[in-house]
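The block underneath contains the structure these notes are about, expressed in structure tokens.
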Amino acid sequence: MGTFMGHFLVGFFSICFSLWWTVQTWIRYFRSRMKDGPKFKCTVTFPCSCLCGRLKHWPIEGFLKVVAMGISFFGEIVLLGGEFGSVNGQHCTMYFFYGMSGIIDILMFFNILLPKGMDYLATILAVTVEGLLLGFHLHHREELEVVLHTLLLYVIFVPVLAVIAEMYFKTSPLALFARSFTWMLQGTWFLQIGFILYNPISGAETWDLKAEHSELMTVSMIFAWHMAGGFVLLLSIGVIVKMYMRCRGNDLNSGASAMHSVLLKDSNDDSTAHMYGSELESEDEYQFTY
């Protein structure tokens, strides 16, 4: 990963998976708002309904994880001329745990004697190992590299909290959106680090690795804009998905209207009960004073 292409591969795959999760989460959320729609539920992976036949139910995402990590593993060795040292060894270890997460997803689909929630545990383990390995990248580095990777370290450990939240709040779309958002931020920041440290554009202005105070402030500002861009993208995808589902004739407000009617009925019942309760209290008070 000590090259632009190494950072690009990891960032690219992170962004792809994040976009996939975001689109599928919005679809599942809007379907849950339809009348008689299925209840929202968090899952580690999503079926690819755009495929045909039995493939639409298969764990395609798990297979893609294994393929993506295999490409990254192979690229890490090839880019360094076939050498296998401590640096790319750490990277390959990270790829292995993510690939193992994909294998667990596949085994969970086929019910191969694994306890419920093992896919969540494998995902948490993969992210934790990534953060652990990256933490030791910070020793004896220039100040700019330390700041860049420290921000990345924050982004890596936040998804652990998001995945744990999914395990305990499986009917909340916010947990899934948090996972998608943090993975998107991780992917875009990997790309940003690649452009700052290993810019492939000839003639591009290079950054001072010793980093003055102004450059560190600029880096933190760029990171904040990455957060803003990721959040705006998440909301924009939601708008696009909602418009697409409405164009296909889905009534997305029927479920919300039904819930509003129930809440309104409960509110009216409470108001009626409160009114009669007040009248009874007045009568009791009148009898008492009399």
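The values are calculated or read from the model by the stated rules, or taken from the named source; none is laboratory data. Everything quoted here is computed from the prediction, not taken from an experiment. So basically every Cβ, Gly included, is an ideal-geometry build from the backbone, and we count neighbours across all protein chains shown. All accessible areas refer to the heavy atoms of the entire protein, side chains included, with ligands and DNA or RNA removed. Shrake-Rupley method; radii C 1.70, N 1.55, O 1.52, S 1.80 Å.
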Identify all residues within the range 37-66 that are surrounded by fewer than 20 Cβ atoms within 10 Å (Cβ to Cβ), touching a residue at least 40 places away in the same chain (Cβ under 8 Å) and not in a helix (DSSP H, G or I); write none if there are none. 37, 39, 40, 41, 58
Looking only at the range 144-158, decide whether some residue is closer than 25 Å to residue 213 by Cα, out of contact with any Phe, Trp or Tyr (no Cβ under 6 Å at 6 or more places or on another chain), among the acidic types (Asp, Glu) and open to solvent by 40 Å² or more (accessible area, probe 1.4 Å). no
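One line per residue, one yes/no per condition, for (1) touching a strand residue (DSSP E or B) at 6+ places or on another chain (Cβ under 8 Å); (2) assigned to a loop (DSSP other than H, G, I, E, B); (3) over 18 Å from residue 227 (Cβ atoms); (4) at pLDDT 90 or above:
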{"position": "167", "(1), (2), (3), (4)": "no, no, yes, no"}
{"position": "177", "(1), (2), (3), (4)": "no, no, no, yes"}
{"position": "180", "(1), (2), (3), (4)": "no, no, no, yes"}
{"position": "183", "(1), (2), (3), (4)": "no, no, no, yes"}
{"position": "210", "(1), (2), (3), (4)": "no, yes, yes, no"}
Could you run through the range 24-65 and say how many residues are over 19 Å from residue 178 (Cα atoms), among the aliphatic types (A, V, I, L, M) and in contact with an Asp or Glu (Cβ under 9 Å, 6 or more places away or on another chain)? 1
Considering only the range 182-205, state which residues are open to solvent by less than 40 Å² (accessible area, probe 1.4 Å), under 11 Å from residue 7 (Cα atoms) and aromatic (Phe, Trp, Tyr). 189, 190
Looking at 150, 128, 123, 93, can you tell me which residue is within 23 Å of residue 18 (Cβ to Cβ), touching a Ser or Thr at 6+ places or on another chain (Cβ under 7 Å) and among the hydroxyl-bearing types (Ser, Thr, Tyr)? 123
Could you tell me which of the residues 113, 125, 161, 121 is open to solvent by 70 Å² or more (accessible area, probe 1.4 Å), touching a helix residue (DSSP H, G or I) at 6+ places or on another chain (Cβ under 9 Å) and not in a helix (DSSP H, G or I)? 113
Go through the range 215-247 residue by residue and tally those that are free of Cβ contacts under 8 Å to residues at least 60 places away in the same chain, over 17 Å from residue 18 (Cα atoms) and open to solvent by less than 70 Å² (accessible area, probe 1.4 Å). 3
Since residue 140 meets every condition but one in (1) surrounded by 15 or more Cβ atoms within 10 Å (Cβ to Cβ); (2) in a loop (DSSP other than H, G, I, E, B), which condition does it not meet? (1)
Confirm whether residue 16 is in contact with an Asp or Glu (Cβ under 6 Å, 6 or more places away or on another chain) and either of a type outside the set (Asp, Glu) or open to solvent by 30 Å² or more (accessible area, probe 1.4 Å) (or both). no
Where a residue in the range 171-187 is free of Cβ contacts under 8 Å to residues at least 40 places away in the same chain and its partner, wherever it lies, is in a helix (DSSP H, G or I) and open to solvent by 20 Å² or more (accessible area, probe 1.4 Å), with Cβ under 6 Å and at least six apart: 182/158
Residues of the range 171-210 being under 10 Å from the mean Cα position of the chain (by Cα) and not aliphatic (A, V, I, L, M), which ones? 177, 179, 180, 181, 182, 183, 186
Matching residues, the range 103-144, being touching a residue at least 60 places away in the same chain (Cβ under 8 Å) and charged (D, E, K, R): 105, 119, 142, 143
